[in-house]
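*Asks:* Got a structure for you, questions after.
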Amino acid sequence: MDLGIAGKNAIVCAASKGLGKGCAVALARAGVTLVIAARGEDALERTARDIRDSTGARVTTVVADVTTPEGRNRVLAECPAPDILVNNAGGPPPGDFRDWNRDDWIKALDANMIAPIEFIKRVVDGLIDRRFGRIVNITSSAVKAPIDVLGLSNGARSGLTGFVAGLSRQIAGANVTINNLLPGTMDTDRLTAFAEAASRRTGMAPADVIAQRLAGIPAKRAGTIEEFGAYCAFLCSVHGGFIVGQNLLIDGGAFPGAL
Ligand code: NAP
C-alpha cells in the first residue's frame, strides 16, 4: 500500500531504540524525511545510519532530552514545521504511591504528559494552516487497564489521554489528527529490564519471568517494533485522516474487554 506521505517531514521522539525506532524505520520506508531524538548519542547515530542504509531516507539526529524545554527547542530547531509528530519518552519507574513525592509526580508528568502537549502546542497551528498533520502519542495499555505498580504512568498518561480527546476533535476539520498508540507487552529492552527486576524480586530466572508473561497474552508472544512501526505509519498516512482521537491498543489481545 502506498501510504502517500513520501516527501513529508517527521519528528520522532525517543527513537534510538524500541518503539520509537520502529516508528522511525516504518516512516522512513514510506519516504518520510526524519528528525530523530534521544539522549544517548551512540545509539542514536547507529540507528540513524541503519535507517539511512536500509531505506535511503534523509535522517537528522538531535541528541536531546525531550522532557526538557531545551531539548524540545533543539529538536524543533532542526524541524520547525513537521508534517508528522511521534511523541515518545521513557516510562516512569514502578513503585508504591506511598513512596512518591511531588518531584516524582512532576517528573512523570513532564515526561508522559507535558512533553507531548508542549510539542503539540509548538507544531499544531502550522499543521492546521497547511491542512495536513498526523500526531501519534506512544502511551501504554495501562491507560485502558491500569497496572498496579505503575501508578505514575497510569496517572500521567491518563492526563495526556484526556487532553488529546478534547483537542483532537477541535482540529480534525483541518485534516490534522491526533491518536494514541497503546503498546501492551512489546519485545524491547524494556521487557528485558522488567524480567531482570522481577527476577531480583522473586528469584525466578528472567527467561521464566518472560515465558510466564507471554503465556498470559492470547497471541502467546510479545509484539515487535516492526508491527508497532507499521501501525504508526498507517496512522500517519493519507489513509489515516478519519481516525481521530482514538486510543489504539496493540497488545496481542491482552486487554480482555469487548470494546
Ligand atoms: P526502550 O526500548 O527502552 O527505548 C526507549 C527510547 O527512548 C530510547 O531510544 C531512549 O534513548 C529514548 N528516551 C528515553 N527517555 C528519553 C528522553 N527523556 N528524551 C529523549 N529520548 C528518550 O523503550 P520502549 O519499550 O520502546 O518504550 C517506549 C515507551 O513506550 C515508554 O514510555 C514505555 O513506558 C512505553 N511502553 C512500552 C511498552 C513495552 O512493552 N515496550 C509497554 C507499554 C508502554 P536514550 O535513553 O538514549 O534517551
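Yes/no matrix, rows are residues, columns are (1) surrounded by fewer than 24 Cβ atoms within 10 Å (Cβ to Cβ); (2) more than 11 Å from the ligand (Cβ to nearest atom); (3) within 12 Å of the chain's Cα centre (by Cα); (4) farther than 22 Å from Val123 by Cβ:
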residue: Ala28; (1), (2), (3), (4): no, yes, no, no
residue: Val32; (1), (2), (3), (4): no, yes, no, no
residue: Asp42; (1), (2), (3), (4): yes, no, no, yes
residue: Leu85; (1), (2), (3), (4): no, yes, yes, no
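*Asks:* Does any residue of the range 209-227 turn out to be of a type outside the set (A, V, I, L, M, F, W, C), within 23 Å of Asn175 (Cα to Cα) and in a helix (DSSP H, G or I)? Steps first, answer last, please.
*Replies:* Restricting attention to the range 209-227, the residues satisfying the condition of being of a type outside the set (A, V, I, L, M, F, W, C) are 212-213, 216, 218, 220-221, 223-224, 226-227.
Cutting the leftovers down to within 23 Å of Asn175 (Cα to Cα) gives us none.
For the range 209-227, residues of a type outside the set (A, V, I, L, M, F, W, C), within 23 Å of Asn175 (Cα to Cα) and in a helix (DSSP H, G or I): absent.
*Asks:* Just to be sure I understand the filter: pairs with C-beta atoms under 7 Å, separated by 6 or more residues or on different chains, first member in the range 23-43 and over 15 Å from Thr61 (Cβ atoms), second member among the β-branched types (Val, Ile, Thr) and open to solvent by 10 Å² or more (accessible area, probe 1.4 Å). Which pairs pass?
*Replies:* Close Cβ pairs (under 7 Å, with a partner that is among the β-branched types (Val, Ile, Thr) and open to solvent by 10 Å² or more (accessible area, probe 1.4 Å)) amount to Arg29/Thr55.
*Asks:* A follow-up question, please. State whether one or more residues within the range 45-53 are surrounded by fewer than 17 Cβ atoms within 10 Å (Cβ to Cβ) and not charged (D, E, K, R). Reasoning before the result, please.
*Replies:* To start, the set of residues in the range 45-53 that are surrounded by fewer than 17 Cβ atoms within 10 Å (Cβ to Cβ) comprises 45-46, 49-50, 52-53.
Still in the running and not charged (D, E, K, R): none.
Within the range 45-53, none of the residues are surrounded by fewer than 17 Cβ atoms within 10 Å (Cβ to Cβ) and not charged (D, E, K, R).
*Asks:* May I ask you to list the residues in the range 87-112 that are more than 12 Å from the ligand (Cβ to nearest atom) and in contact (Cβ under 8 Å) with a residue 12 or more places away in the chain? I'd like the intermediate steps shown before the answer.
*Replies:* As a first pass, look at the range 87-112 and keep what is more than 12 Å from the ligand (Cβ to nearest atom): 95-106, 109.
Selection gives Gly95, Asp96, Phe97, Trp100, Asp104, Trp105, Leu109.
*Asks:* Do you know which residues across the range 232-259 are within 13 Å of the ligand (Cβ to nearest atom) and of a type outside the set (A, V, I, L, M)?
*Replies:* Residues satisfying the conditions are Cys232, Asn247, Asp251, Gly252, Phe255.
*Asks:* Would you please name the residue that is nearest to Arg98 (Cα to Cα), looking only at residues in the range 147-161 that are within 12 Å of the ligand (Cβ to nearest atom) and open to solvent by 10 Å² or more (accessible area, probe 1.4 Å)? Walk me through it before giving the result.
*Replies:* Taking the range 147-161 first, the residues within 12 Å of the ligand (Cβ to nearest atom) are 147, 150, 152-154, 156-157, 160.
In the following step, the residues that additionally are open to solvent by 10 Å² or more (accessible area, probe 1.4 Å) were identified as 147, 150, 154, 157.
On the way: Ile147: 16, Leu150: 13, Asn154: 15, Arg157: 19 Å.
So the residue we want is Leu150.
*Asks:* Still on this structure: Which members of the range 228-243 meet the condition of being open to solvent by 30 Å² or more (accessible area, probe 1.4 Å) and touching a residue at least 60 places away in the same chain (Cβ under 8 Å)? First the steps, then the outcome.
*Replies:* Taking the range 228-243 and keeping what is open to solvent by 30 Å² or more (accessible area, probe 1.4 Å), we get 230-231, 234, 238-239, 242-243.
Ala230, Phe234, Val238, His239, Ile243 - these are the residues of the range 228-243 that are open to solvent by 30 Å² or more (accessible area, probe 1.4 Å) and touching a residue at least 60 places away in the same chain (Cβ under 8 Å).
*Asks:* For the range 162-196, what are the residues that are touching a residue at least 60 places away in the same chain (Cβ under 8 Å) and either among the basic types (Lys, Arg) or within 13 Å of the ligand (Cβ to nearest atom) (or both)?
*Replies:* Hits for the range 162-196 are Arg169, Asn180, Leu181, Leu182, Pro183, Gly184, Thr185, Met186, Thr188, Asp189, Arg190.
*Asks:* Every residue in the range 1-21 that is free of Cβ contacts under 8 Å to residues at least 60 places away in the same chain and more than 16 Å from the ligand (Cβ to nearest atom), please. Full working, then the answer.
*Replies:* Filtering the range 1-21 down to residues free of Cβ contacts under 8 Å to residues at least 60 places away in the same chain leaves 2, 6-7, 16.
If the condition is that a residue be free of Cβ contacts under 8 Å to residues at least 60 places away in the same chain and more than 16 Å from the ligand (Cβ to nearest atom), then Asp2, Ala6, Gly7 are the ones that fit.
The values are calculated or read from the model by the stated rules, or taken from the named source; none is laboratory data. For clarity, every value in this text was computed on a predicted model and none was experimentally measured. Using ideal geometry, Cβ is built from the backbone for each residue, glycine included, and neighbour counts are taken over all protein chains shown. Ligands, DNA and RNA are stripped out before the accessible areas are found, and what is left, the full protein with its side chains, is counted by its heavy atoms. Shrake-Rupley method; radii C 1.70, N 1.55, O 1.52, S 1.80 Å.
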